[in-house]
Amino acid sequence: MTGPGGADPGATHRRGTVTAGIGAVPWDTGELQPALQRLVADGGLRGPVLDSGCGAGELSFALAEAGHEVLGVDIGPTAVAAARAEAGRRGLDARFDVANLTRLRESPTRFATVVDSVPLRGLDDAMAAEHARGLAELAVPGARLWVLAFSDRVRLPGVLGRSRERLAEVVGGAWSVDEVAASSISFLAPDGVGAEFGRDPTGHLLLPAWLLSARWGG
């Protein structure tokens, strides 16, 4: 997904040095992020669900498997095409579209749940606040928002992390923030990158992050 300017959220990493030799958007590990796995497993989500910045589609697949109506959107046509193909292979009723917030506002569909994973990492505070307002315009009254975002402890090229307070402030202009919980983002990186952080059993770097939950009053 993208912010108001339409920039590709993975472009910096694909061009840069963080994932040199890997050739992938580093948070698309081929598995659903653990924080989002827990979110789906808790069973508290309501459809329809907007998967904002769906990337390879792992969250959308999990939501469809759980019986939710879901739309995964991303501005990367290659990622969307791959997600569509994989959904077809799995026989899942998940929709995917190449879209930004401006285009989505033209659709009559409004969402009871919005999950925004990682897109804010490439936006400054003003653009991130505009992005949050755009998501609110796509929500029904009482909708829930979850945002998975990098912590300001992360210092890597192309990653703009935020403190708990700053993230709440940026999103809180459009949504009523309930909680900003400590979390992590699994990240593909060569050995030696992010040495101050741990790795999971599969070797993925575990970068500190926040999982923000909020509501929209309408």
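The values are calculated or read from the model by the stated rules, or taken from the named source; none is laboratory data. Given the structure is predicted, the values throughout are model-derived calculations rather than measurements. As a convention, Cβ positions derive from the backbone with ideal geometry for all residues, glycine included, and neighbour counts pool all protein chains shown. With ligands, DNA and RNA removed, areas are computed over all heavy atoms of the protein, side chains included. Shrake-Rupley method; radii C 1.70, N 1.55, O 1.52, S 1.80 Å.
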- Message: Is it the case, given these coordinates, that E65 is open to solvent by 20 Å² or more (accessible area, probe 1.4 Å) and under 14 Å from the mean Cα position of the chain (by Cα)?
- Response: no
- Sort out which residues of the range 136-149 are closer than 22 Å to Q37 by Cα and either under 15 Å from the mean Cα position of the chain (by Cα) or open to solvent by 10 Å² or more (accessible area, probe 1.4 Å) (or both), and write them in order of number. R144, L145, W146, V147, L148, A149
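From the list G158, G192, G142, pick out the single residue that is part of a strand (DSSP E or B) and among the small types (G, A, S).
Numbers: G158 fails: part of a strand (DSSP E or B); G192 fails: part of a strand (DSSP E or B).
Answer to the check: G142.
Please work out which residue is nearest to the chain's Cα centre (by Cα), limiting yourself to the range 85-107 and to residues that are polar (S, T, N, Q) and open to solvent by less than 70 Å² (accessible area, probe 1.4 Å). I'd like the intermediate steps shown before the answer.
We begin by selecting, within the range 85-107, every residue polar (S, T, N, Q); these are 100, 102, 107.
Remaining after also requiring open to solvent by less than 70 Å² (accessible area, probe 1.4 Å): 100, 107.
Values: N100: 13, S107: 21 Å.
It comes out as N100.
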- Query: If you take the residues of the range 50-80 that are out of contact with any helix residue (DSSP H, G or I) (no Cβ under 7 Å at 6 or more places or on another chain) and not in a helix (DSSP H, G or I), which of them is farthest from L123 (Cα to Cα)?
  - Reply: G67
- Lone unmet requirement of (1) of a type outside the set (A, V, I, L, M); (2) within 14 Å of the chain's Cα centre (by Cα); (3) within 17 Å of P34 (Cβ to Cβ); (4) buried (at least 19 other Cβ atoms within 10 Å of the Cβ) for S213: (4)
